[in-house]
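Contents: one structure, followed by commentary.
Every number here is computed from the coordinates shown, using simple stated rules; none is lab data. What you are looking at is a predicted structure, and each value in this text was computed from that prediction instead of being measured. Please note: Cβ atoms are built from the backbone with ideal geometry, for glycine as well, and neighbour counts cover all protein chains shown.
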Amino acid sequence: MHEFSLAGEVIRLAEREAAKHAALSVTEITIEVGNFSGVEADAFNEALMIVAEGTVMADASINLIRIAGKGMCPSCNREFEMNHRMDTCPECNSFPSEIRGGTEFRVVSLVIEQDENDA
């Protein structure tokens, strides 16, 4: 289950950013997870909550934004939303020639709590 290793990387990123700003903790984190990223969003969320225990993210609110897949139809040149890799164009039923969205996995934002004396 690679979600635990990804959760560990997110914690390390949050710790580095918190240290840069002399933060006491991370209070909120927002992460985009695409349908085709290879990351199971619910498993990642659980892993992140477990791995966060005892870190600067221990009490952080975790916001996961799920990004739908997008495909480009080679026949009618239409971009369309995909929930599965085998979805076809709703207009002409062709398979997509390329995937244009849904592969995202990124930290979008961190909200930190600083010591009032350091702010």
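A few points about this structure:
- Förster radius 41 Å - calculated FRET efficiency between ASP115 and ALA68, Cβ distance, rounded to 0.05: 0.55
- Sparse packing (at most 16 other Cβ atoms within 10 Å of the Cβ) combined with a DSSP loop state is found for the following trypsin sites (Lys or Arg not before Pro) in the stretch 25-90: ARG78, ARG85.
- Distant-in-sequence amide contacts of ARG78, defined by a placed amide H-H separation under 5 Å and a gap of 5 or more residues or a different chain, comprise CYS73.
- With K and R counted +1 and D and E -1, the other residues having a Cβ less than 13 Å from that of GLU104 yield a net charge of +3.
- Residue among ALA7, PHE105, ILE31 farthest towards the positive dipole end of the chain, charges placed on Cβ: PHE105
- C-alpha long axis of helix 3-20 to longest principal axis of the chain, angle in °: 50 degrees
- The long axis of helix 41-52 is offset from the longest Cα principal axis of the chain by roughly 10 degrees.
- DSSP loop GluC sites (Glu not before Pro) with at most 11 other Cβ within 10 Å excluded, longest remaining stretch of the chain: 54-115
- Estimated purely from DSSP H runs of n ≥ 4, each contributing -39500 (n - 2.57), the mean residue ellipticity at 222 nm for the chain is -8500 deg cm²/dmol once divided by its residues.
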